[in-house]
Amino acid sequence: MQTVTLALLLALGVAAVSTGALFARLAEAEPLAKAAWRCAVATLVLAVVGGPGAGRALAAAPRSALGATCLAGTCLAVHFATWIASLDFTSVATSLLLVNTNPVWVVLLAPLVNGERASRRALAGVALALSGGVWLAAGASPAADAPAGSLEGALEEGSRWLGPSLAVCGAWAATGYFLLGRRVGGRIPLVPYLGLCYGVATAWLCVAALARGVPLSGFPAMTYLWVVALGLVPQLIGHSACNAALRRLPALLVALPLLLEPIVGSWLAWAVLGEVPPARAWSAGALVLLGVARAAWPARAPQVN
């Protein structure tokens with residue numbers, strides 16, 4: 001029953017996070033503003049749900065767990081700042097394929113985090129996934145609706161690498177976010193952990209937006225709907241479900257089902273926005289997904305703890 005519950009939890013998480021790219025595309029605001037609103041909405045809901053009990057739980061938590069939570073929130077801020085920005089410079093399919101390569105980076109960082117050495121099989125998978133990512137990025141073209149006067153125009157031909165590069169940076173940050181969330185484990189109850197993690201991300205994103213002169217209000221009416229949807233669906237439901245699963249499963253097993261996000265997210269962008277995935281997304285995507293599966297899929301199913 002516990003296994004079924006965890007599977008349903010992950011399925012809910014994947015379905016919810018897969019709406020993120022669509023909502024971000026629909027919102028007419030700068031990337032930092034979308035990211036800040038996404039985290040702020042979720043933080044506000046968690047503050048109401050957690051109430052005074054959340055504050056008491058955080059006050060009683062070990063300092064090491066609080067520090068790891070704040071660092072996870074920082075990683076989350078970097079993840080959203082880079083990944084949402086990547087959508088302005090490349091297709092949804094390309095962005096989602098590359099930002100969901102985090103299982104590869106989990107494999108590579110495992111020796112530093114927990115002393116586990118990567119097997120030859122895992123390293124071969126990493127090489128396969130990276131080759132697919134390079135193939136995809138080399139053929140990427142900037143999004144048709146990229147803002148005028150953006151960095152894309154200044155970089156001209158080199159701009160084809162900007163979106164994919166930002167997406168990969170988002171994957172690196174997401175790797176830290178998952179590994180740190182797993183490390184905190186049950187030392188902080190789930191709702192206070194999420195509230196602090198999302199709150200730290202909100203603070204960093206608001207500071208970055210203000211420092212760069214990015215407006216956090218004054219959007220078209222529909223944009224408020226989409227940024228609130230970003231906070232409620234992919235963030236509050238999707239990320240929270242994944243974090244709940246992290247309490248019982250290794251970070252790798254939580255990251256692996258998210259490989260479905262590029263498929264679902266690209267389909268949503270195609271159905272709603274008419275954005276057809278680039279031609280080489282199919283071949284490159286197959287290389288990336290096969291490489292990640294080879295690198296990350298365990299030879300034996302780990303114990304649920």
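The values are calculated or read from the model by the stated rules, or taken from the named source; none is laboratory data. Because the structure is a prediction, the values reported are computed rather than measured. Only protein heavy atoms, including side chains, enter the accessible area calculation; ligands, DNA and RNA are left aside. Shrake-Rupley method; radii C 1.70, N 1.55, O 1.52, S 1.80 Å.
A few remarks follow.
- Radius, Kirkwood style, for segment 1-105 when every pair of distinct Cα atoms is counted (Å): 16.1 Å
- Remark: relative contact order (segment 152-259) = 43 percent; criterion is Cα-Cα distance under 8 angstrom and separation of 6 or more residues.
- Entry comment: accessible area of segment 1-119 is 40 Å² per residue, from protein heavy atoms only and a probe of 1.4 Å.
- Percentage, to the nearest whole number, of Cα pairs in segment 168-220 over 12 Å apart: 73 percent
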